[in-house]
Amino acid sequence: MADPRIEALLRALPVGQRMWLRASGRSLWPLVLDGDQVQVLRGDESSLRPGDIALVVNPADQLVAHLVRSTGPLVTVSSVGVVDPPAKEVLGRVVAVRRGALRLSIPRGAHLVLRQVPRVSSVLKRVPGLRSLVHRLRDR
């Protein structure tokens, strides 16, 4: 379950305002690592484009930040293209990632590159030996 206090803060945040959250999990590796911070721009489904990183509440009431594959209807996926169940609610989109002293802004035009991540990941997974190397790097 998502922390209800975080969800309440996000919902109370006016559209267009930003908030930093701590990421957990590996489903957006290497874009977002476990422990990174992500800056969320509060918005709704109409503000998303394919390739954006959406912050949604999934059917299990968890906060999930995943890549937008398509809109109308909204379809989100992990960095390797695993399709998520339909979101219950859209809370915004990720506009920056902070990893220690490094801060990476995700400009609006980046969606053109980010939407290719699942395709590239699925191709790389098929290269012999590369999949195990990627898993070792990811799990460090």
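The values are calculated or read from the model by the stated rules, or taken from the named source; none is laboratory data. Note that the structure is predicted; figures quoted are calculated from it, not measured. FYI the Cβ positions are ideal-geometry reconstructions off the backbone, even for glycines, and counts take in every protein chain you see.
Computed values, structure above
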| read-out | value |
| --- | --- |
| Selection status of SER27, among the small types (Gly, Ala, Ser), more than 26 Å from ALA8 (Cα to Cα) and modelled with pLDDT under 90 | no |
| Number of positions in region 58-79 that are under 12 Å from the mean Cα position of the chain (by Cα) and either under 18 Å from GLY25 (Cα atoms) or aromatic (Phe, Trp, Tyr) (or both) | 10 |
| Wholly enclosed strands (runs of 3 or more DSSP E) of region 1-111 bearing at least 3 residues in contact with a strand residue (DSSP E or B) (Cβ under 7 Å, 6 or more places away or on another chain), touching a residue at least 40 places away in the same chain (Cβ under 8 Å) and crowded, with 16+ Cβ neighbours inside 10 Å | 37-42, 53-57, 63-70, 89-99 |
| Failed condition for LEU102, given (1) touching a Pro at 6+ places or on another chain (Cβ under 7 Å); (2) at pLDDT 90 or above | (1) |
